[in-house]
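Enquirer: This structure is in structure tokens; I'll ask about it shortly.
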Amino acid sequence: QSTSESSASESSTFEETRTLETKNPITDAPKHARIISVDSSFSGTGGEEVSLLGLSATSATGAHPTTVMRLKQHDSAPPRAERWMQEAWIAHFLIGATVLLFSVFVGNGGTRKYIAVDPSHAIAINSADFLECDKLLINVLAESAKDDGAIVCCGSNRQSNQSASLLSTILDLCPPPRLDATQQQSLSAGSFITFLPFLGRLAKFPDAWLIPLFPLLLRIGFRTYQTIVEKGHIVLDTTFGVFSFRRLVFYFLLMQFRGWVLYVALNNLEDNFIVDSKDMETAGALSASCWYKQWLPVSTRECQGRVFDFSDHVVLYYAQILPIALLEYLHSMDRPYWPFHFFRRIALPFLLTSGMLYLYFITFVGVYKTCAYFHTPKESLAGYAVSLVAHLPLCTLQCSNGFTTIAHLREYFFGPTKRSKKLLR
């Protein structure tokens, strides 16, 4: 009888072990399975806990660890990039390059490059008519002041073009004037764009630093609100603390790199060491006919604007403004922080998406104006090439699956994969 009971016990143990081995670890987990962290481990020979994609099966019979070891399927591989993120970055590059090429070859065409001059200097050449200009622009590629568009006066007395469309108004060299309450009747249909938020602030401090961070700042603000006011809510996103802080520091350092290296250092290198012989030849040949020389400050080099100067605004737009915001926006869509609330699941994604679309809109307006009016095609294309120094690494960080190091960096800044993420209740 003792022998029969022992055989029955061993048979029961074997059946239990075989059942555990064949069941689906997620859908067919035994009743005594319980939720634990993925990183849980087991030790000893009795009552072992087997980590299984978040499930821990405790052997009531004290089965040997090697018997149930095959149930452990811990995924230690670094997170892989999502396919839809890669497609989003491809669309981003294609649209950005299309806007740049359109601005360079259609908007500019190599016929103009404006620089701002002081209207008070117009007295020296008996041009008192320009004293009323708020901003006076000179086309340095024009052969004389009589050329069409050689001198552009932007002033408060400039009348709005009532027949202008919204697109032509917003892309105009001179923005519509800011009118007081008594002049609102004369506003054209497109003049309201002057009052659009941040339209003229993207290249100024602190807007150029804060605007790209709005998806991350929204995440931090909402999660702080949840932590303080709504304690007890189920949280699916564990990246609020350390990972958000890491990205914030990373973005700050990237902005410093863009400012000190891609702007200050490269401009000094360009001014002091890089000499384009063709440009200098052209500047020298035209120095005798530098018709706007008297409009320039005394300390300015002769015929300012005719020497090569890559577009630092294009670098700002394509190396800082757009890629940082897109990187954080895609992460927010991949790791949402608005679970289990109908209003939040609609309002926050809508706010993020509409904010990104608006940011792209005003950024591309800035790209067009910079490339079409203030730089030659070669200077704009050079600025885009410089921006890739910071632009491509951000794309690679979020999209590349070819290098383990990049995958681990992605996990360092954005957290582990969804499968190995712990549920906090």
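The values are calculated or read from the model by the stated rules, or taken from the named source; none is laboratory data. Keep in mind it's a predicted model, so treat the numbers as computed, not measured. These accessible areas exclude ligands, DNA and RNA; they are computed on the full protein's heavy atoms, side chains included. Shrake-Rupley method; radii C 1.70, N 1.55, O 1.52, S 1.80 Å.
Enquirer: Ordering 380, 354 by how much accessible area each has at a 1.4 Å probe, largest first, what is the list?
Expert: On the way: 380 0, 354 45 Å².
Of 380, 354, the descending order of accessible area is 354, 380.
Enquirer: Order 207, 309, 134, 271 by their accessible area, 1.4 angstrom probe, all chains in place, largest first.
Expert: Solvent-accessible surface, decreasing: 134, 271, 309, 207.
Enquirer: Given a 1.4 Å probe and the protein chains all in place, what does the accessible area of residue 386 round to, in Å² to the nearest 10?
Expert: 30
Enquirer: Using a 1.4 angstrom probe with every protein chain in place, what is the largest-first accessible-area order of 224, 363?
Expert: The ordering from most to least exposed comes out as 224, 363.
Enquirer: List, largest first, the extents of the alpha carbons of region 325-425 along their principal axes, each in whole Å.
Expert: Largest first, region 325-425 extends 57, 38, 14 Å along its Cα principal axes.
Enquirer: Let me ask something else about it. Which of the pairs 135/369; 146/293; 293/369; 204/378; 146/378; 113/146 have their Cα atoms more than 22 Å apart in this structure?
Expert: Working: 135/369 15 Å; 146/293 15 Å; 293/369 25 Å; 204/378 24 Å; 146/378 26 Å; 113/146 16 Å.
Pairs exceeding the cut-off: 293/369; 204/378; 146/378.
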